[in-house]
Amino acid sequence: MAKISKGKSKVTVYPDWCKGCGVCVEFCPKKVLELDEHGKSSVVREEDCIHCGFCELHCPDFAIVVTDKETGEPNNS
Ligand code: SF4
Ligand code: SF4
């Protein structure tokens, strides 16, 4: 079960792996992500992230990682 801790998450997108499918943008309940002008996912409201892990779970290219800002631990550890 993912812990919900708004404002304590670090969201990292690896643009080389992102193919711009938009799944993460669609699934994020807090609109943390948007597609940028290059068609890649971009973190625009990291402070609103509730660490639900949906983006990481649903990205078909493993291009997103959500970690705890303080500990660096992954989402579901
Ligand atoms: S789900 Fe993954 S591949 Fe698709 S836009 Fe988001 S980061 Fe990119
Ligand atoms: S972990 Fe949840 S709230 Fe945070 S960016 Fe991903 S989908 Fe959005």
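Under 9 Å between Cβ atoms, which residue pairs at least 6 apart in sequence (or on different chains) link something in region 17-37 that is without any contact (Cβ under 8 Å) to a residue 12 or more places away in the chain with a partner that is more than 9 Å from ligand 2 (Cβ to nearest atom) and in a strand (DSSP E or B)?
Short answer, once both residue conditions are applied: Glu34/Ser41; Glu34/Ser42; Asp36/Ser42.
Based on what the data block shows, is Pro29 away from ligand 1 (no atom under 11 Å from the Cβ), modelled with pLDDT of 95 or more, of a type outside the set (Lys, Arg) and at negative phi?
Yes.
Could you run through region 1-39 and say how many residues are charged (D, E, K, R) and surrounded by 18 or more Cβ atoms within 10 Å (Cβ to Cβ)?
So the count comes out to 0.
Look at Pro60 and say whether it is at pLDDT 95 or above and more than 12 Å from ligand 2 (Cβ to nearest atom).
Spelling it out, Pro60 is indeed at pLDDT 95 or above and more than 12 Å from ligand 2 (Cβ to nearest atom).
From the residues in region 8-37 that are more than 22 Å from Gly72 (Cα to Cα) and either touching a Gly at 6+ places or on another chain (Cβ under 8 Å) or not in a loop (DSSP other than H, G, I, E, B) (or both), which one is farthest from ligand 2 (Cβ to nearest atom)?
Gly20
The values are calculated or read from the model by the stated rules, or taken from the named source; none is laboratory data. Since the model is a prediction, treat every value here as computed from it, not as a measurement. Don't worry about glycine lacking a Cβ; one is built from the backbone with ideal geometry, like all the others, and counts go over all protein chains shown.
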